[in-house]
1. Output the qualifying pairs, or none if there are none: Cβ atoms under 7 angstrom, residues six or more apart or on different chains, first residue in segment 9-34 and farther than 15 Å from residue 92 by Cβ, second residue outside any loop (DSSP other than H, G, I, E, B) and of a type in the set (Lys, Arg).
2. Would you pick out the residues in segment 197-247 that are surrounded by fewer than 23 Cβ atoms within 10 Å (Cβ to Cβ), modelled with pLDDT of 90 or more and either touching a His at 6+ places or on another chain (Cβ under 6 Å) or among the β-branched types (Val, Ile, Thr) (or both)?
3. For segment 175-195, which positions are more than 10 Å from the ligand (Cβ to nearest atom) and either in a helix (DSSP H, G or I) or of a type in the set (D, E, K, R) (or both)?
4. Grab the strands (runs of 3 or more DSSP E) fully contained in segment 75-161, keeping just those with 2 or more residues being within 16 Å of the ligand (Cβ to nearest atom), surrounded by fewer than 19 Cβ atoms within 10 Å (Cβ to Cβ) and not small (Gly, Ala, Ser).
5. So, residue 81, is that one within 23 Å of residue 109 (Cα to Cα) and either within 19 Å of the chain's Cα centre (by Cα) or not β-branched (Val, Ile, Thr) (or both) or not?
6. Just a yes or no: is a residue in segment 234-241 under 19 Å from residue 130 (Cα atoms), within 12 Å of the ligand (Cβ to nearest atom) and not aromatic (Phe, Trp, Tyr)?
7. Restricting to segment 196-218, count the residues that are within 9 Å of the ligand (Cβ to nearest atom) and part of a loop (DSSP other than H, G, I, E, B).
8. From the residues in segment 162-176 that are surrounded by fewer than 18 Cβ atoms within 10 Å (Cβ to Cβ) and of a type in the set (Gly, Ala, Ser), which one is nearest to residue 17 (Cα to Cα)?
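The values are calculated or read from the model by the stated rules, or taken from the named source; none is laboratory data. This one's a predicted model, so the numbers in the text were calculated from it and none came from an experiment. Note: ideal-geometry Cβ built from the backbone for every residue, glycine included; neighbour counts use all protein chains shown.
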Amino acid sequence: MPHDHAAGQVLLVGAGPGPADLMTVRAMRAVQGAQALLYDALVGAEILDLAPANCIRIQTGKRAARASMAQDTINRLMLRLARRGLKVVRLKGGDPSIFGRVGEESALLKSHGVPVEIVPGVTTACAAAAQFDFPLTHRGLARRVVFATATLTAGKLVADWDGAADPETTLAIYMGGAAARQIRARLIAAGRSPSTPVAVIENVGRSQARAVTGSLDSLPILAATSGGGPVMIVVGEVTALAPGALLQAPRDVVQALRA
Ligand SMILES: C[S@@+](CC[C@H](N)C(=O)[O-])C[C@H]1O[C@@H](n2cnc3c(N)ncnc32)[C@H](O)[C@@H]1O
């Protein structure tokens with residue numbers, strides 16, 4: 001379908017994990033030049049404040065277990081705003097191409113003739129590794145990284161992680177906080193050792209970020225220490241290189257894990 005307002009466009013932008021200084025310069029410029037901003041719930045105030053005062057701001061939600069705007073509604077909003085000739089910025093946490101529906105949104109917009117640009121961002125797994133000082137790959141320990149999601153459907157894990165049993169694979173699991181028990185069972189059944197080091201990292205990029213480390217066997221206990229913020233689970237030998245992460249767990253959990 002032809003695009004009827006030449007000036008309108010949509011930028012699908014990765015905001016990174018939280019702090020404004022972890023955005024790319026291109027992402028920052030996009031927000032500073034936005035005329036309409038559609039943003040996910042995980043995007044913080046520091047970044048939203050970069051938008052011009054007269055910019056239209058619409059929160060689209062998208063936190064697990066909380067009300068979020070239906071994808072259809074988001075699509076219609078993006079189209080409507082772009083057709084008004086506006087520079088629309090669709091701002092997502094992390095990188096828009098990692099569990100960010102960027103493919104669907106881009107295809108939809110293009111099918112309506114709306115010009116689309118994708119601006120990458122720092123994905124949570126990379127930010128978590130940097131913040132807690134461990135690598136995602138490491139010679140002799142991890143030669144592959146898998147970005148996986150672990151959402152539950154009717155209490156069951158919808159996941160088939162190729163290579164999950166390989167001890168040299170690092171698994172970065174998004175949206176897995178509520179599925180720790182199922183992840184543990186699935187990985188051990190797939191052949192991953194129960195003693196495999198894991199990290200549960202909450203609120204990556206924020207001042208209240210916290211990482212607890214332990215074994216795959218203890219994953220449900222580690223995940224239960226979460227305070228309700230977004231959680232990244234990393235499974236693999238590399239997480240044992242995170243200095244002092246365990247010390248950041250609550251005292252009772254540290255004691256339970258040391259017992
Ligand atoms: C829909 S996915 C979006 C991922 C995002 N596009 C990225 O690249 O990081 C949302 C999930 O990412 C993870 N996540 C996002 N931000 C996080 C943060 N600040 N701390 C920990 N996990 C986070 C959580 O697992 C959350 O459930």
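1. Every condition considered, the pairs that remain are 9/87; 33/87.
2. Answer for segment 197-247, where residues must be surrounded by fewer than 23 Cβ atoms within 10 Å (Cβ to Cβ), modelled with pLDDT of 90 or more and either touching a His at 6+ places or on another chain (Cβ under 6 Å) or among the β-branched types (Val, Ile, Thr) (or both): 221, 238.
3. 179, 180, 181, 182, 183, 184, 185, 186, 187, 188, 189, 192
4. 144-149
5. The answer is yes for residue 81.
6. To start, the set of residues in segment 234-241 that are under 19 Å from residue 130 (Cα atoms) comprises 234-241.
Subset that is within 12 Å of the ligand (Cβ to nearest atom): 234.
From what's left, not aromatic (Phe, Trp, Tyr): 234.
Scanning segment 234-241 turns up at least one residue that is under 19 Å from residue 130 (Cα atoms), within 12 Å of the ligand (Cβ to nearest atom) and not aromatic (Phe, Trp, Tyr).
7. 5
8. Within segment 162-176, the match that is nearest to residue 17 (Cα to Cα) is 163.
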